[in-house]
Amino acid sequence: MNALSASRPYRGVFPVAPTIFFEDGRPDLEGQKRAIDFMIDAGSTGICILANFSEQFVLSDAERDEQMRLVLEHVAGRVPVIVTTSHFSTDLCVERSKAAEAMGAAMIMVMPPYHGATFRVGEGQIMAFFRALSDAVSIPIMIQDAPVAGTPLPPALLAKIAKEVENVSYFKVETAGAASKIRELIAIGGTAIEGPWDGEEAITLMADLDAGATGSMTGGGFPDGIREILDPFFAGDRAGAMAAYAKWLPLINYENRQTSFQTAKILMKEGGIIGSEAVRRPILSAHPDTRAGLIEIARSLDPLVLRWGK
């Protein structure tokens, strides 16, 4: 088994950092720093920013730039930082990606081009899109294979991109049947697949690890819990990993099915790390009963997030 690694090949838990807001919706930059410090202290191998679980879709371009600079400067090399640079436009995605690399990003994560429910591009355009990105940067590119994009990315296509496009070597697979897709991607892509990763809040983590996943991109609320699963697994103790997975699965499931990207902020607020768990309109805050259910499950597990800020 391969141990966790904060250098290439990257392996381990690389959770998505939430974007912290004041109650009035303004970015809370000091709260953001505290959230990042907690995530590092909780055992994150690396951190991803500006992803969907960061609510990137409610940020202006100026706010994206501010968040990227803030986090990369504050992390200051303590862990690798993955910056999500997805955009439908090839040129704008290239521009975002070059800026991320210039500021010190270790990797960029990108979804295939899509917009709304129906705007998609074909396989040839997807290949050209990722070639343009690879030509523009020298850091690894992770393709995010997520249902939100609605773009079919069969294993054969992903493997073809990995083999033919120099910097595309990581894949976050969070579609239905992720384990089967990861297994087939590795079989077809071989050594071109440097990082087959699990996503979707680690709801299918054990199956994905068994299929060959080497990393997991989860929510940012309890990296210490995910480490309890990954550490024994990569040390060859599958039974220990399975026991830890069973222990943390109720909380993982609650995040995946109930509180979604609000989970990390709710837990961080409850633990005194941040002052507000606010989300931006038109998103509604979790119902108080739903929030209480999350806290109840979390308290039974005693994650660091509920203690770090107190």
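Taking 13 Å as the straight-line reach from the Cα of LYS247, the aspartates and glutamates in range (excluding those fewer than 8 positions away in the same chain) are ASP224, GLU228, ASP302. Ordered by the count of other Cβ atoms within 10 Å of each Cβ, fewest first, ARG281, ARG291 give ARG281, ARG291. In this simple spin-label approximation, SER89 and MET242 carry label points 7 Å from Cα along the Cα→Cβ vector, and these lie 5.1 nm apart. List the chymotrypsin sites (Phe, Trp or Tyr not before Pro) in segment 1-93 that DSSP assigns to loop (not H, G, I, E or B) and whose Cβ has at most 16 other Cβ atoms within 10 Å. Which are they? Passing sites in segment 1-93 are PHE22, PHE88. Normalised by the number of residues in the chain, the average gap of Cα pairs under 8 Å and 6 or more apart makes the relative contact order 20 percent. The distance between label points at ILE40 and ARG8 comes to 2.3 nm (points 7 Å beyond Cα on the Cα→Cβ vector). Pairs of lysine residues in segment 12-220 that meet both criteria, 8 or more places apart or on different chains and Cα atoms under 28 Å apart, total 10.
For Rg and Dmax of the Cα atoms in Å, computed directly from the structure shown, the correct entry in (i) 19.9, 59; (ii) 18.2, 53; (iii) 18.9, 59 is (ii).
Since every read-out is calculated from the coordinates, none of them should be taken as a lab result. On a predicted model such as this, the values are computed, not experimentally measured, just so you know. Ideal geometry is used to build each Cβ from the backbone, glycine not excepted, and the neighbour counts take in all protein chains shown.
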